[in-house]
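*Asks:* My questions will all concern the structure given below.
The values are calculated or read from the model by the stated rules, or taken from the named source; none is laboratory data. Model, not experiment: these values are computed from the prediction. Neighbour counts run over all protein chains shown; Cβ positions are idealised from the backbone, glycine included.
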Amino acid sequence: MRPPRFEGPVRFVALGDSLTEGVGDPVGDGAWRGWAALLADGLAEGPAGFLEGPVRFTNLAVSGAQTRDVLERQLSAALELRPHLVSVVIGVNDTLRCTFDIQAVAARLDQVYAAFTGQGAVLLTACLPDPGTMLGLPGVLAHPLARRQRAVNAVVHALSDRYGAVHLHACEGDWITERALWSADRLHPGERGHRQLALRFHALLAEHGLATGPAPSPEPESPVPTRAASLWWLATAGTGWVTRRCTDLLPQLLTLAADELRHRARGTSARLDLRASAAVSAALAALSVGDQPDAA
């Protein structure tokens, strides 16, 4: 990737859901910071390199957002800002809804990626761990969610390659199982986890000559929440979060679990994986196959 040069100030815009909004990394008064804000602080330093001058960071991410929300609500606002650098990290909430449709997810992401690269922006993407594993759900409940997240990740991988995105492979690795990196709800990183994401994105950008400032510090500014604080969060705000998602997802998740059990009893579980892989292939094949965008 040959780094472009933009005259400052550099505009960095972040789109997505609660992960990019910064949930799990509080900064007081009910506000969140998160990995994208930490990354913005380390993008530029001085007049040399890809970035010149200060960085203007705008975070458009909203908790609970799905790919539909990014396409229909966040995209237009982001395009008006004409970002030089834009992150699109989304998809987990799609897997937690009864309306999950990998073909629709692929079509929406294709439109979003195309819109930004069409403006000449550098695109940042990431694949993410599946929520069933993070929540520690029993296998019969976790496997359907894992299958959905693998499908989303496969689409993100394919489209990131197509549009020349700077892609972070964050769906596996030691950071997922290191408890100190995660907040009480087990789905959002804590401050340490957000710093790890920022560091990994910064390293990728630096490799491509797209970050000239100092890397974010891995050391947290706040102590890791105590077990009592975590339990309090789960008993208050966390309860509402779980309830909102279970109301929508639980009936279908039980249906998916029943299907999982039937296939397991028949020894045909592999068919579910093959069906998911076929759906991903069909989703990607259904996208426009016009002129491929130039790699950045």
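Per-residue answers, yes or no, for (1) of a type in the set (Gly, Ala, Ser); (2) at pLDDT 95 or above; (3) outside any strand (DSSP E or B):
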position: GLY53; (1), (2), (3): yes, no, yes
position: VAL70; (1), (2), (3): no, yes, yes
position: GLN74; (1), (2), (3): no, yes, yes
position: ASP94; (1), (2), (3): no, no, yes
position: GLN103; (1), (2), (3): no, yes, yes
position: LEU109; (1), (2), (3): no, yes, yes
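*Asks:* For the stretch 140-171, enumerate the residues that are outside any helix (DSSP H, G or I) and more than 26 Å from LEU272 (Cα to Cα).
*Replies:* Of the stretch 140-171, the ones outside any helix (DSSP H, G or I) are 163-171.
Residues satisfying the conditions are TYR163, GLY164, ALA165, VAL166, HIS167, LEU168.
*Asks:* Still on this structure, please answer the following. Kindly indicate whether any position in the stretch 195-207 is in contact with a helix residue (DSSP H, G or I) (Cβ under 9 Å, 6 or more places away or on another chain), assigned to a loop (DSSP other than H, G, I, E, B) and either of a type outside the set (Lys, Arg) or modelled with pLDDT of 95 or more (or both).
*Replies:* no
*Asks:* Is the stretch 143-153 home to any residue that is touching a Leu at 6+ places or on another chain (Cβ under 8 Å), surrounded by 17 or more Cβ atoms within 10 Å (Cβ to Cβ) and small (Gly, Ala, Ser)?
*Replies:* Taking every residue of the stretch 143-153 in turn, none turns out to be touching a Leu at 6+ places or on another chain (Cβ under 8 Å), surrounded by 17 or more Cβ atoms within 10 Å (Cβ to Cβ) and small (Gly, Ala, Ser).
*Asks:* Any residue in the stretch 128-145 that is within 18 Å of THR255 (Cβ to Cβ) sitting within a Cβ distance under 8 Å of a residue that is in a loop (DSSP other than H, G, I, E, B) and aliphatic (A, V, I, L, M)? List the pairs, counting only those 6 or more apart or interchain.
*Replies:* Here the result reads PRO131/LEU96; PRO131/LEU187; LEU145/LEU96; LEU145/LEU137, each pair linking the stretch 128-145 to a residue that is in a loop (DSSP other than H, G, I, E, B) and aliphatic (A, V, I, L, M).
*Asks:* Would you point out the residue of the stretch 28-44, among those that are in a loop (DSSP other than H, G, I, E, B) and of a type in the set (D, E, K, R), that is modelled with the lowest pLDDT?
*Replies:* Among those that are in a loop (DSSP other than H, G, I, E, B) and of a type in the set (D, E, K, R), it is ASP29.
*Asks:* Among the listed residues ALA142, ALA151, ALA146, identify the single one that is modelled with pLDDT under 90 and either hydroxyl-bearing (Ser, Thr, Tyr) or out of contact with any Lys or Arg (no Cβ under 6 Å at 6 or more places or on another chain) (or both). Reasoning before the result, please.
*Replies:* Values: ALA151 fails: modelled with pLDDT under 90; ALA146 fails: modelled with pLDDT under 90.
Only one candidate qualifies: ALA142.
*Asks:* Using the structure shown, decide if ASP130 is modelled with pLDDT of 95 or more and not small (Gly, Ala, Ser).
*Replies:* On the way: modelled with pLDDT of 95 or more: no; not small (Gly, Ala, Ser): yes.
Spelling it out, it is not the case that ASP130 is modelled with pLDDT of 95 or more and not small (Gly, Ala, Ser).
*Asks:* Restricting the first residue to the stretch 15-33 and requiring it to be in contact (Cβ under 8 Å) with a residue 24 or more places away in the chain and on the phi > 0 side of the Ramachandran plot, which pairs with a second residue that is assigned to a loop (DSSP other than H, G, I, E, B) and among the charged types (D, E, K, R) meet a Cβ separation below 6 Å and a spacing of at least six or different chains?
*Replies:* These pairs meet every condition: GLY22/ARG33.
*Asks:* What number of residues within the stretch 127-184 are within 18 Å of ILE90 (Cβ to Cβ) and of a type in the set (Asp, Glu)?
*Replies:* Number of matching residues: 2.
*Asks:* Take the residues of the stretch 79-95 that are surrounded by fewer than 24 Cβ atoms within 10 Å (Cβ to Cβ) and over 14 Å from the mean Cα position of the chain (by Cα): which is nearest to ALA283 (Cα to Cα)?
*Replies:* Result: LEU79.
*Asks:* While we're on this one: Output the number of residues of the stretch 172-193 satisfying the condition of being in a helix (DSSP H, G or I), closer than 24 Å to ARG150 by Cβ and of a type outside the set (A, V, I, L, M).
*Replies:* Total satisfying the criteria: 5.
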